[in-house]
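One structure is given below, encoded as structure tokens.
The values are calculated or read from the model by the stated rules, or taken from the named source; none is laboratory data. Keep in mind it's a predicted model, so treat the numbers as computed, not measured. Quick reminder, even Gly has a Cβ in these numbers, built from the backbone with ideal geometry, and neighbours come from all protein chains shown. Keep in mind that these areas ignore ligands, DNA and RNA; they rest on the heavy atoms of the full protein, side chains included. Shrake-Rupley method; radii C 1.70, N 1.55, O 1.52, S 1.80 Å.
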Amino acid sequence: MAKAVAELLRIAPVADELGRVFAAAGHRLFLVGGSVRDALIGRLGHDLDFTTSARPDEIERLLRSVTKTVWTIGKEYGTIGAKISVGQAEWVVEITTFRADVYRPESRKPEVAYGDTLDGDLIRRDFTVNAMAVALPEKEFHDPYGGLEDLAARRLRTPATPEQSFSDDPLRMMRLARFTAQLDFEPAPDAVAAATAMAERIDIVSAERVREELSKLLLADRPRAGLNLLVATGLADRVLPELPALRLERDEHHRHKDVYQHSLTVLDQAIELEDRLPQRPDLINRLAALLHDVGKPKTRRFEPGGKVSFHHHDVVGAKLVKKRLAALRYSSEEVDAVAKLVELHLRFHGYGEGQWTDSAVRRYVRDAGDQLDRLHVLTRADCTTRNQAKATRLRTAYDELEQRIAELREQEELDSIRPDLDGNAIMEILDIPPGRAVGDAYKFLLELRMDRGPLDRETAEAELRTWWSSRP
């Protein structure tokens, strides 16, 4: 409770000012939803959510009387946003008219409807812990659906029946999984049962909204419980079917590890290693860790002698990842980055006992490109063996590879490897015009650079002339 009081005191200046402005105009204003929940558990950020009896045009007018920074991108859904500075603090606020939205069975978008009461707005919210409010400027606490009790019990329960709540907005079924992970709360059994029975309703939700919810789940500190819930309810079969497909039936001799559980462990370990990356949390790192083995179900083969193989699952997996992430409307940059990591995640295993040549190390760096740091993390995280001797051997080998990369970087421009002669020099030396032959010569010099490292101009020119003269 002390944390809650401290948080509410911290936001009091901006909350009080907005409360006075709306009250003077004859409207009710409430701090609501996640803002109240986070204040109560002492983790409130600088984004605040409010609900009000005022309609969107009036919200916009009142906010413009307080700040010049107002945006209306969510106005068609009843939401106006603003940035407000009070003293040294800066707040991003979103104020939404009391809502009573609902999805129709055939619709992919909610039908926006405005409500008239706070309780009517709160019962339309996803979970009771997000259905508490504080009236402003009076600072009266409203909790008509038992959110405080559920918060103390760390329980996710819907204000209305789960069937009504999930029907009103099917994305709430994915939020059930997301908050399970984010808050480390236990979903109520009736909510899990309803999500399982209604999983196909997620199909009417736009890919963009599904993507955002999946990303928020993955960016939680510990996403495993939420992912397990997506799979257990059947929601993953609708939005990310490659994930439950990893639950390969174990053969009687247990000749391969549980690929699904292995993938979740790799995700856990990749998260632990994120301090190696420029930013944390890192969505691309987490997507790649979770999906790195999605090619295995399609490539599993039982070989003579009792072995199980997954030949080329890296290449197959990269194609599956590209298709799925594009369908979920991830950006082309995100799709390409995750696919590249999936395709390259086995490359290190050719390193063996460290017998790679400098040429092989250069190619490893070139192929990874701007994903090299993430590839380091994924490769290390992909070691889930319980054989400590083997784990130590792999870790030592990768330490050595990273050291070799660092040493080569000191000696040459490893991150932007180019031939020792550019296109203009090639045309001048060979006395040829622009065309395919220049490109072929460039490729030859690039491979030469990979094999032998930087060459002086005289040596590079001699090698170019020898190559040219040997052409048919």
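Figure legend. Inter-residue proximity from segment 264-286: first residues under 18 Å from LYS340 (Cβ atoms), second residues open to solvent by less than 40 Å² (accessible area, probe 1.4 Å) and hydroxyl-bearing (Ser, Thr, Tyr), beta-carbon distance below 8 Å, spacing 6+ or different chains. Indicated pairs: VAL266/THR384; LEU283/SER215. Restricting THR379, THR392 to residues that are closer than 30 Å to ARG286 by Cα and either in a loop (DSSP other than H, G, I, E, B) or in contact with a Phe, Trp or Tyr (Cβ under 8 Å, 6 or more places away or on another chain) (or both) narrows the list to THR379. Residue pairs whose Cβ atoms lie under 9 Å apart, separated by 6 or more positions or on different chains, with the first residue in segment 22-45 and under 19 Å from PRO56 (Cα atoms) and open to solvent by less than 20 Å² (accessible area, probe 1.4 Å) and the second small (Gly, Ala, Ser) and part of a loop (DSSP other than H, G, I, E, B), are PHE22/SER53; PHE22/ALA54; LEU29/SER53; LEU29/ALA54; VAL32/ALA131; GLY33/ALA131. Looking only at residues in segment 281-320 that are in contact with a helix residue (DSSP H, G or I) (Cβ under 8 Å, 6 or more places away or on another chain) and among the small types (Gly, Ala, Ser), the one that is farthest from GLN182 (Cα to Cα) is SER309. Has segment 335-352 got at least one residue that is outside any helix (DSSP H, G or I), modelled with pLDDT of 85 or more and under 23 Å from HIS262 (Cβ atoms)? Checked against the condition, which is being outside any helix (DSSP H, G or I), modelled with pLDDT of 85 or more and under 23 Å from HIS262 (Cβ atoms), segment 335-352 yields at least one hit. Every test in (1) among the aliphatic types (A, V, I, L, M); (2) at pLDDT below 90; (3) under 30 Å from PRO170 (Cα atoms) is passed by ALA2 save one, and that test is (3).
Looking only at segment 353-367, residues that are among the small types (Gly, Ala, Ser) and either modelled with pLDDT of 90 or more or exposed (fewer than 14 other Cβ atoms within 10 Å of the Cβ) (or both) come to 1 in all. Output yes when any residue across segment 195-211 is crowded, with 23+ Cβ neighbours inside 10 Å and either farther than 14 Å from PRO170 by Cα or small (Gly, Ala, Ser) (or both), and no when none is. There is at least one residue in segment 195-211 that is crowded, with 23+ Cβ neighbours inside 10 Å and either farther than 14 Å from PRO170 by Cα or small (Gly, Ala, Ser) (or both).
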